[in-house]
Each structure stands twice: as structure tokens, then as C-alpha cells.
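Contents: one structure, followed by commentary.
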Amino acid sequence: MITFYNERHGQHHGKAEMFRGELVPCFEVPSRVERVLAELRGRRLGAIEAPQAFDEAVLERVHALPYLQFLRGAWEEWVALNGGNAQRDALPSVWPVRGHRSDVVPQNFAARMGLFSYDAGTPLTAGTWDAAREGAWCALSAAGRVLGGARAAFALTRPPGHHAGHDFFGGYCFINNAALAAQALRDGGVERVAVLDIDYHHGNGTQTLYYDRADMFYASLHGDPLTEYPFFLGHADETGVGEGLGCNLNLPLPRGTGFPAWHGALGQALRAIADHGAGALVVSLGVDTFEGDPISGFRLRQDDYLRIGEALASAGLPTVFVFEGGYAVSEVGINTVNVLEGFEQRGG
Ligand code: Q9C
Ligand code: ZN
């Protein structure tokens, strides 16, 4: 399987996120991707290439232009406010809620950070835009390879993407790489695309992007939002709206879920994807379902990830894998590459 590796991912390196009333070191660190890269090389999974470059206008297939313009210029604005800001990351601290205006874009920088985000755990740093944009090119390059006839391709990038929506960042995500890959598959002629999100957290960005569409089926296995991030979306009764009714499947699972129950839910998601008649699959590949993950609550083990890859291969669909979460740094490479190797070994 070919991997498109984001050589610029390290330019996004947040210092701290707000957690339990304190600023704590970021969990979403550059070494995550370096571990996956080392494991891919060590196990000779296939070629590792830099992505193609694309026109930034393609990002508007998924994101709002004012949001993209804000992200593109945010670091310069932040530093222009105060020279000392060059040594600090930008974090939002105020948000519009129900009954407030989100149609008027404030001039104040902090207010715009809040307008375009939903949590205080996602620092924006000097290289965030360049890293996120290059990651998007990885996802689009992987989709292009699959459209060209490859059975599968992997976008190895950070920051991750599935929490980013049409005009908001959060959950360590800025550009929704999986949503972009799915749209690229549609634009390349695949009539129905499925996005299967196996990250521990519900992909609220992806769900909201495609909630009213019949051509995008979104299925997600995740920690129950009653207790788990992102809290405000991801319940089982969210099944889509309008033309998209029936095209959204949430399978929330309680903290402590182990592989047997998780694997059962995966089978349910794969049957739904088959019933939908999808012609291609995008996998939001987070491995924060691992028992050792520092911020998550499932109990999957290293070998389980091989079985996941095999199950994904059984769908028999051209597949784009997009890297998402997974914060147990010393195992993130093994777990991620186990999924890809399980997929490859199953044949197709
Ligand atoms: N500080 C992804 O896995 N914070 N995002 C949870 C720990 C947000 C996870 C609390 C977790 C976001 C892509
Ligand atoms: Zn996650």
C-alpha cells in the first residue's frame, strides 16, 4: 500500500491544551507520526511518497472560505497583536452559544478564534496552516491513487481532521482530511462513498459536513458522547436529515469496551455500508481505542488491529485510510500499521 507522508506535519507542534482547568502538554505530538513512519519503513509496507500539490481552492469543497481565510492568516495576526505572541500558541477562550450571533464576524482576534472553534484543546501554532494544508494534499493524493485503480492508499498526516467541520476547528483538527478524500472520490466519479470512522472519538466534523447527503454514508464507532469527547454529538438517534436520512450511523459504546463488543459493532457498520451500495471507502483511522491510550477508554490490544484490517478488507472496496487519533506514542506505530497490514494480508 502506498503512503502519502506529510513532511510538514512537524511544523504544527502545540505546546499546551486546556485540560481539567490547567494547561497541560499537548497529547497530539509530532512523534506520533514519526512512530508510524518508522513502523511502515521497518515492515516494508510499500512506497512512501510526498503528496502532490493542489490549488487551495479545492479546500472549499469542504470548508467555508471565511474559515479558510482566517486559518491562513491567523498566525500572522496573532503575532502582530503582540511581539511576545511569537513564543505562545493561540488558544480560543470565548465562544458564541445558543442565542448569540455567529453571522457577524468580529474584528477582535480572540473572538474570531472562538467563532471558528469549539474547544480550548486545539492550539494554533506558527506552522499549523502549512502542516494542515499539506495533510490535506496527502488525503487528496491518496484519493487520487485509489481513483486511478489502486486497491488502497494511506494518508499519514497530522494534525488529524475528523473533528473539523465546515467552519470550525477543535479536537486537535483544522482541515477535515477524510471529508476531503471522500469528496474527491465523489468528484472522481464514485457515486456513493462511505466514511467509516474508527477513532475513539465521534467525528463530529465529518458527520455535520455530510449529514444531509445521500451520496455520503457516515458510520462511526466511538465512546458514548454522554461521557466522552466531543460530548455534543454522536448519539445513536442521529441518523441523517433530508436526503441524507438513513445515511448516518452512530454506534456509541461505553467506556471500558473491549474487542469482542467493538468488533461486533464494526460488523454492523460494514453491513450498513454494504447495504448503502458504497463504491469506495474512506477510513478515519484513529487508534486511540488502544487499551494504553492516555485520553481514551476502550480496551483494544495490539493484535486486535490486525483483525480490524482484515475486517475492513472484507468490505471489498477501494479504500483510502486517513490517519486520525492515537496518543499512546510508543504503540501508535504498531497499532496503525497492524490495521494496514491486516488489510493487505487479507487480499482483495
Ligand atoms: N485533553 C482526536 O482523536 N480532548 N481528537 C480530550 C484530553 C479532546 C481527540 C481531553 C480530544 C480530541 C483526533
Ligand atoms: Zn480520537
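Things to note:
- Any hit, region 86-96, residues being more than 30 Å from GLY188 (Cβ to Cβ), open to solvent by 70 Å² or more (accessible area, probe 1.4 Å), within 16 Å of ligand 1 (Cβ to nearest atom) and among the polar types (S, T, N, Q): yes
- Pairs where the first residue, in region 329-348, is modelled with pLDDT under 95 and the second is open to solvent by 50 Å² or more (accessible area, probe 1.4 Å), C-beta under 7 Å, 6+ apart: ARG346/GLU310; ARG346/SER314; GLY348/ARG151; GLY348/GLY316
- So GLY127, is it over 13 Å from the mean Cα position of the chain (by Cα) and open to solvent by 10 Å² or more (accessible area, probe 1.4 Å): no
- Taken together, the residues in region 323-348 that are among the small types (Gly, Ala, Ser), part of a loop (DSSP other than H, G, I, E, B) and under 19 Å from ALA265 (Cβ atoms) amount to 2.
- Just one of the listed residues (SER296, SER330) is within 16 Å of ligand 1 (Cβ to nearest atom) and farther than 29 Å from GLU191 by Cβ, namely SER296.
- PHE290 in contact with a strand residue (DSSP E or B) (Cβ under 8 Å, 6 or more places away or on another chain) and either of a type in the set (D, E, K, R) or touching a residue at least 60 places away in the same chain (Cβ under 8 Å) (or both): no
- Scanning region 15-27 for residues that are modelled with pLDDT of 95 or more, over 23 Å from VAL320 (Cβ atoms), within 19 Å of the chain's Cα centre (by Cα) and of a type in the set (D, E, K, R) turns up at least one hit.
- From the list HIS166, HIS162, the one residue that fits, being open to solvent by 10 Å² or more (accessible area, probe 1.4 Å) and either part of a loop (DSSP other than H, G, I, E, B) or of a type in the set (Ser, Thr, Tyr) (or both), is HIS166.
- Failed item in (1) among the aliphatic types (A, V, I, L, M); (2) closer than 25 Å to ALA184 by Cβ; (3) assigned to a helix (DSSP H, G or I), with VAL320 passing the rest: (3)
- Selection status of GLU291, crowded, with 20+ Cβ neighbours inside 10 Å, farther than 20 Å from GLN183 by Cβ and modelled with pLDDT of 95 or more: no
- Positions within region 169-185 being within 10 Å of ligand 1 (Cβ to nearest atom) and either in a loop (DSSP other than H, G, I, E, B) or surrounded by fewer than 24 Cβ atoms within 10 Å (Cβ to Cβ) (or both), in sequence order: GLY170, GLY171, TYR172
- Residues of region 317-336 that turn out to be within 16 Å of ligand 2 (Cβ to nearest atom), hydroxyl-bearing (Ser, Thr, Tyr) and surrounded by 24 or more Cβ atoms within 10 Å (Cβ to Cβ), as a count: 1
- Scanning region 186-213 for residues being assigned to a loop (DSSP other than H, G, I, E, B) and within 16 Å of ligand 2 (Cβ to nearest atom) gives a total of 6.
- Scanning region 23-74 for residues that are open to solvent by 30 Å² or more (accessible area, probe 1.4 Å), touching a helix residue (DSSP H, G or I) at 6+ places or on another chain (Cβ under 6 Å) and under 30 Å from ASN108 (Cα atoms) gives ARG61, ARG72.
- Of all residues in region 308-339 being more than 21 Å from ARG35 (Cβ to Cβ) and of a type outside the set (A, V, I, L, M, F, W, C), the one that is nearest to the chain's Cα centre (by Cα): THR319
- Residues of region 214-250 satisfying the condition of being crowded, with 20+ Cβ neighbours inside 10 Å and outside any loop (DSSP other than H, G, I, E, B): MET216, PHE217, TYR218, ALA219, SER220, LEU221, HIS222, GLY223, ASN248, LEU249, ASN250
The values are calculated or read from the model by the stated rules, or taken from the named source; none is laboratory data. Because the structure is predicted, anything quoted here is derived from the model rather than measured. Glycine also receives a Cβ, built like all others from the backbone with ideal geometry; neighbour counts cover every protein chain displayed. These accessible areas exclude ligands, DNA and RNA; they are computed on the full protein's heavy atoms, side chains included. Shrake-Rupley method; radii C 1.70, N 1.55, O 1.52, S 1.80 Å.
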